[in-house]
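Enquirer: Attaching a single structure in structure tokens format; questions to follow.
Derivation of every value follows stated rules applied to the coordinates shown; laboratory data play no part. Everything numeric in this text was worked out from a predicted model, so none of it was measured. Cβ placement follows ideal geometry from the backbone for every residue including glycine, while neighbour counts extend to all protein chains displayed.
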Amino acid sequence: MRLFLALMPPPELRERLGELAEIAHARCGGRRMPDESLHLTLAFLGEVEEARAAELVEWVQGLTIPPGEWHLDCWGGFRRPGIVWVGAQAADPALSQLQGRLWSTLEPLGFGTRPTQFVPHVTLLRRAATLPLEYLPPIELSWFYNQLELIQSITDERGARYRRLAISQS
Ligand code: 3AM
């Protein structure tokens, strides 16, 4: 099964991000991420066998992460896949540390490969036709987090949907 670790936005922020996705979709086209799928990926693990996924579930359920606040203040894009996202202009040391700490456990256990760089972002659109980011409204949002989730990505003819397999300690 295809797995990743992510932060999931609290309900009010999810709603706000959904509104931004709507605005971006009107400008850029493409495929809007459904509100329930909005997330910040901390670690993409790829295909994991069921027995190994059970190990991950146990690990995540016993995990405590330091609470943090991430400030979102900019739009961004990954041009080739036509991704439009929201994120932060400045690097966020707490998020980078969290991501690094996760990979320091995951990589030696053989779960995926630590990426060469980490750009925290929330994908709002995929396959956007154009990325006129300069026409999108300013962003000033705060994301308070204290838990991460292990998510399964299930792809069918309608695209990918996400299922929570485990959540860390609160
Ligand atoms: O929505 P974002 O960009 O945060 O892009 C995929 C998505 O992240 C990413 O994992 C998240 C859940 O699918 N992803 C998918 N395939 C990937 C790959 N081969 C990948 N990230 C890195 N390598």
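Enquirer: Got a sec? Which strands (runs of 3 or more DSSP E) wholly within the stretch 48-154 have at least 1 residues that are touching a Gly at 6+ places or on another chain (Cβ under 6 Å) and free of Cβ contacts under 8 Å to residues at least 40 places away in the same chain?
Expert: 83-87
Enquirer: Restricted to the stretch 114-141, and to residues that are among the polar types (S, T, N, Q) and more than 15 Å from the chain's Cα centre (by Cα), which residue is surrounded by the fewest Cβ atoms within 10 Å (Cβ to Cβ)?
Expert: Ranking the qualifying residues of the stretch 114-141, first place goes to Thr116.
Enquirer: Based on what the data block shows, is Leu63 away from the ligand (no atom under 16 Å from the Cβ) and within 22 Å of Pro115 (Cα to Cα)?
Expert: yes
Enquirer: Let me ask another. Mind listing whichever residues of the stretch 75-87 are in contact with a strand residue (DSSP E or B) (Cβ under 8 Å, 6 or more places away or on another chain) and within 14 Å of the ligand (Cβ to nearest atom)?
Expert: Gly76, Gly77, Phe78, Pro81, Gly82, Ile83, Val84, Trp85, Val86, Gly87
Enquirer: Look at the stretch 155-170 and say how many of its residues are without any contact (Cβ under 8 Å) to a residue 12 or more places away in the chain and within 13 Å of the ligand (Cβ to nearest atom).
Expert: Summing the residues that are without any contact (Cβ under 8 Å) to a residue 12 or more places away in the chain and within 13 Å of the ligand (Cβ to nearest atom) in the stretch 155-170 gives 0.
Enquirer: Of everything in the stretch 17-41 that's without any contact (Cβ under 8 Å) to a residue 60 or more places away in the chain and charged (D, E, K, R), which residue is nearest to the ligand (Cβ to nearest atom)?
Expert: Asp35
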